[in-house]
Structures are given as C-alpha cells and as structure tokens.
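Notes to accompany the following structure.
No lab work stands behind these numbers, since they all come straight from the coordinates. Keep in mind that this is a model prediction, so the values were computed, not measured. Quick reminder, even Gly has a Cβ in these numbers, built from the backbone with ideal geometry, and neighbours come from all protein chains shown.
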Amino acid sequence: MKRFVIFVITLIVITFAVVKYFDYSLFIESYINPLQNQKQIEINSKYKDSIDVDLYVEGLSFPTSMTFVDKNTILVSEKDQGNVRLISNGILQKDPIYTIKNISNEKEQGLLGITSASKYESKKETQADYLDFSSSSHPISTMDAPTSLREPIIHDSNHVIYLYFTEKIYKSRDNYSIDVQQKELNHTIRNKVYEYTWDGIGPFSNPRLIMDMPAEPGPYHNGGKIRMDKSGNLYAVIGDLTATNNTLQNYPQGKNQSISIPNNSSVIIRVNPSIESLIPSHNPLYSYNSNNTKLNFAKYYYAYGIRNSFGMDIDPLTGKLWNTENGEDSYDEINLVQPGFNSGWSKIMGPIQRNNNTSVSDLVVLNGSHYSDPEFSWRVPIGVTDIEFLDSSLLGDDLENNIFIGDINNGNLYFLKIDSNRSGININNSVLERGNEKGLQDLVVDNKDELEKVIFAKGFDGRITDIETGLDGNLYILTYFDGKIYRITRAEK
Ligand SMILES: [Ca+2]
Ligand SMILES: [Ca+2]
Ligand SMILES: [Ca+2]
C-alpha cells in the first residue's frame, strides 16, 4: 500500500512537471492538425518522386524573414507586432523572445528582416563539406576583409542577431504629457538595423544601432531583407520609398530640383559591424565625392537604382550577392549584384533592350558603378520575394547551389540553375518541362506557358516571404498570410 501511494504521488508530480514544462495547448494543436485538411503543395513532375514537402510549423503572424541559429533553432520576424518568435525542434514557442517597441507597421513597414551572424559557425560544425572562402583563391578572400576580420564576431557563447525594422520616433521629449492622438501625430519614422546578442534562451541584449535609414514618404517600397556574407559584411536593401526624384533613382539633378538631395533610398547598403567605423574601405563608392550630387553616404552603398526588393542571397561558391527586384507594372528581376551595381530604376526596368529609347547614357553612372541587365525577369510581375541558393547536397546534386525564388502574387516556388561561370542563369538546364522552350532563351518569362516551365512547386496559399537552407540541409519555405513554414526534403524511398 505504501509503495502504491508513493507511486501515485510520483506520477502526479511527473504529470504536473510535464504539463508545466511543455506548452501543452500548442503541442496538441500541432499534433491534431495534420496536413489532411489543406491543399497539397504540388511539386513539379520532374521532382515529385524524389522530393517531399511537409508542414513544419504553423501559428506565426505575418512572418517576413527567418534565420537558423543552429540545426534545431529558427528565429522568425513577425511584421506587424514587431515580435521575434522562437522555433525549437519544430515547436513554435508561445511567447515571443523579443519585441520591438514603437514599431511602425503600415503596409510594407514593420519588422522585416532577421539574420544571424553565427549561422556560418554552426554550419561548419554540422556540414563536413562546408566551403571555406577564407582559404580559397577566389577574389573575395583578398577583396572583402583583412584576415583578422574574416570571421563574424561571436561575443562569448552568445549568438549575434541583426534585425531590420521600421520605427516610430516620437518628437516630444515627454510622451506622457500628451494624449495618444497627439502622440501619433507627433512622430517621424525611420528604418533601422540593430545588432543584438542572444544567449539562446532569454530576450536579446546589447542593442547596437548599425544603420539608420529613411522610411518616408513610404509606406511602400521599404525593402527589409538583411544578409551577412562569410567575411562578416552585412547587406541591407531599401527601396525607393515611393519617391523617385533623386540621383539614386537615376535623376542626375533630381526630377524636381528642390528635393534633389539623395535620401539613402533605392540602395543596398554594405557595412561591416566588426569594424568600428562600420565602413569597409573596399566598398565600391567609398571614395566617391561630388558636391553636385550631395552623395554624403555613398561610401556605404554597394548598389543603387533599385525600385524595391524582398530578396537577397549570397552565392555559396563565389561569395557574390544576388537580389530580386520588383517591377511596377512590368518586369520583376533577378540580378547578380556586383560591387557598384546600378539596376537602372526609375529609367529602366527589365532588360535594357525592352525599354524603348532608353540607354545607359540616360542613367546616373557614378564613378565606381556600372549598369547591368537582370539575369532573369518576368514581364508580368509575380511579386517576386526571396531568392535562396540551396547551400546543401541533401536534396541531390541537381539542386545544390542553384536558386529557389518565391512570390507573393501566386504562391509559387521557382527554381533556376546557375551557369558554369556562376555569372547568370543556364536556361537550358533550368527548364523543368521540355517542349517549346524557345520562349525562355531571352531570359524573360513572357507568358503563362513560359512561367510554368520554371515553377518547382505551387500551392503555397499563404504566399512566400522567405526561403532558407536549414542547417540540417533541407530547404525551408516561410509563408506570409497563413503564417507557416514548410520543409522540403529528399523523398524516402
Ligand atoms: Ca534593373
Ligand atoms: Ca521570353
Ligand atoms: Ca532567405
């Protein structure tokens, strides 16, 4: 009898501990809510026997970006509430681990970008075939950073996290003495990139301002993706904020002279947080100086002439930056962003030969910059979002180091293969369905038939905002309106 009582008490204690420890409601919800109820993701017939897709996480609110901190840990940015959510071993934790105060979340504003500097460190531990550019002969190893700066800084055992968000800044010194309505009127908005350290459990700490960028007029074309390369350079993209009057949108003196001062929009900014001044001296416009154009911040720019972008990634084989760019009523683009890239907006969108009577001489080509055509484009915009080089061999040689692209208009996942020089798209190898593929030789999707030939998977009803190669080697897709993460794996035989 005594033994039985001890047994029952032990059982009660264990049950209580388990219920308290796990977020039980969340656990049950994800357990009884399997894929049956929803439309299946449809993988292109070429890959449908070798590739599987499953729902990995749900319950996010308007997620914009995600980053793997280690193999089993993902951090996700939620646009409207400014929350950073933690996913551990496939379970979304109930409470946000960090929240941005005074978030401005109008339309395309909000908490938009997240990246982790520790990603490459973790990758080295988990993947034996990791390519180390610091020891390769590729130009980036000599161009991008002195040896001492090559590794991202890791503060003790902490992770280093970067966030891109739109912030309301109140002009009043005493916010408590004015009523709420007045408070709303009395603010300005800015886009900010902050660095934090994270111990893996608690909230972020040690906030450090890295970039302070405009957000007005807005609230569209606000960019928001951030990316770190293997040399510790941090890239952030911002669109034209709906104002196209300045040098950076290729108006030499300003479309309207009175407001011709460049406002640091339509650019990709590159900084190195491990340098005190933040500015890598090899930035392409580092020495640019002109009183005419008033480009006081040119030394931070890596590229300009960008309308808007929701996607950037770095080719794991070359270290080169690629981005996506959103056209107005025509031409969404994929670009190889070489240092000093001018994408052509607002004079050119899509390939230059498709812009009647516009030539490079119509652009503002600053010293150290160059115009180049997109590597691929869609004549009818798809609302192109993220671009991701699949930095893993787990899904097969065929997909490794090639690009996946998402969209917000259709919920399609596109796939394209990079050419042998890693400088463009190999369209013949990219076409997923044979027959009548001549239309894609011009590297422009002109109609539905051409569109179908580059769709890897469709049916992401929540539309795609981010794509990441997991540190486990699988491919992860973040969907916006329904707040989910899908995992793409090799099919079990
Ligand atoms: Ca362009
Ligand atoms: Ca075409
Ligand atoms: Ca991504």
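Each residue, residue 188 and residue 420, gets one label point 7 Å from its Cα in the Cβ direction; the gap between the two is 5.5 nm.
Each label point was placed 7 Å from the Cα along the Cα-to-Cβ direction; for residue 4 and residue 208 their separation is 6.5 nm.
Pairs of lysines in the range 344-493 whose Cα atoms sit within less than 27 Å of one another amount to 16, provided the residues are eight or more positions apart or on different chains.
Translational diffusion coefficient, Stokes-Einstein: compute it for the range 313-407 using the Kirkwood radius over C-alpha pairs as Rh, at 4 °C and 1.567 mPa s, and state it as an integer in µm² s⁻¹. Spell out each step's value before the answer.
Numbers: Rh = 14.4 Å.
Translational diffusion coefficient: 90 µm²/s.
Counting other Cβ atoms within 10 Å as a rough exposure proxy, the listed residues 307, 434, 490, 190 run 434, 490, 190, 307 from fewest neighbours to most. Between residue 107 and residue 287, the FRET efficiency from the beta-carbon distance, with R0 = 25 Å, is close to 0.10.
What the Kirkwood sum gives for the range 420-493 is a hydrodynamic radius of 14.7 Å, with every pair of different alpha carbons counted.
Could you put 364, 444 in order, starting from the residue whose Cβ has the fewest other Cβ atoms within 10 Å? Working shown, then result.
Numbers: 364 21, 444 18.
Sorted ascending by nearby Cβ count, the order is 444, 364.
Label-to-label distance for residue 279 and residue 55 is 5.1 nm, based on points extended 7 Å past Cα in the beta-carbon direction.
Between residue 441 and residue 199, what length comes free when the chain is fully extended (0.36 nm per residue of separation minus the Cα-Cα distance, one decimal in nm)?
Going from the current span to full extension adds 82.2 nm.
So if each residue of separation counts as 0.36 nm, and I subtract the Cα-Cα distance between residue 93 and residue 492, what length gain in nm does that give?
Working: separation 399, 0.36 × 399 = 143.64 nm, distance 2.88 nm.
Between residue 93 and residue 492, full extension yields an extra 140.8 nm.
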